[in-house]
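The values are calculated or read from the model by the stated rules, or taken from the named source; none is laboratory data. This structure is a prediction, so every number in the text was calculated from the model and none was measured. Ideal geometry is used to build each Cβ from the backbone, glycine not excepted, and the neighbour counts take in all protein chains shown.
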Amino acid sequence: MSDPSTWAKAPDFSGRLELAAKIHAATAADKELYNSGGLQPVDCRACSTRVLVKKFSSQHTSIQWTSDPLVSCPELRAGAEAGRETALQDTCPRLRASIEYAVAEGLLHVGRPDEEEDTENSSA
């Protein structure tokens, strides 16, 4: 069994400051890519509410509201006023239609945010 006083969850880079700085920078870049990489603005075509959207595939959609949805979205506000639990609602159907429109019109990139879109060399 190893000595518990020497155990650490992560390696000690105190003697290797340059390596520690590189690892810290790579970790920060990974965190940025995971949390906000690929988020693209989409405006609802019904009420003009702006959200940030990330789509990795046709099935995957991540929506980040830039404002309080119950204030900015009339559909969600009406649902809340009618007593519906908005946290259980997928999203506003009008916003969903706006996102689908943005995808269909090529305004919203579908794929990983670190993938380069190669529209010039793709075959039709």
Hand me the list of helices (runs of 4 or more DSSP H) wholly inside the range 49-113 holding 3 or more residues that are charged (D, E, K, R) and surrounded by fewer than 18 Cβ atoms within 10 Å (Cβ to Cβ). 93-104
Applying the selection to the range 47-97, what residues are under 23 Å from Asn35 (Cβ atoms) and aliphatic (A, V, I, L, M)? Val51, Leu52, Val53, Ile63, Ala87, Leu95
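Let's see how each residue does on (1) farther than 21 Å from Arg112 by Cα; (2) among the hydrophobic types (A, V, I, L, M, F, W, C):
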{"site": "Ala21", "(1), (2)": "yes, yes"}
{"site": "Ala25", "(1), (2)": "no, yes"}
{"site": "Asp30", "(1), (2)": "no, no"}
{"site": "Gly37", "(1), (2)": "no, no"}
{"site": "Leu52", "(1), (2)": "no, yes"}
{"site": "Gly83", "(1), (2)": "yes, no"}
{"site": "Thr86", "(1), (2)": "yes, no"}
{"site": "Ala97", "(1), (2)": "yes, yes"}
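Right, Ser72: under 24 Å from Leu107 (Cα atoms) and of a type in the set (Gly, Ala, Ser) or not?
For Ser72, the condition - under 24 Å from Leu107 (Cα atoms) and of a type in the set (Gly, Ala, Ser) - is met.
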State whether the residues of the range 37-49 include one that is in contact with a Pro (Cβ under 6 Å, 6 or more places away or on another chain) and modelled with pLDDT of 85 or more. yes
Out of Glu32, Glu18, sole residue that is part of a helix (DSSP H, G or I), exposed (fewer than 15 other Cβ atoms within 10 Å of the Cβ) and at pLDDT 90 or above: Glu18
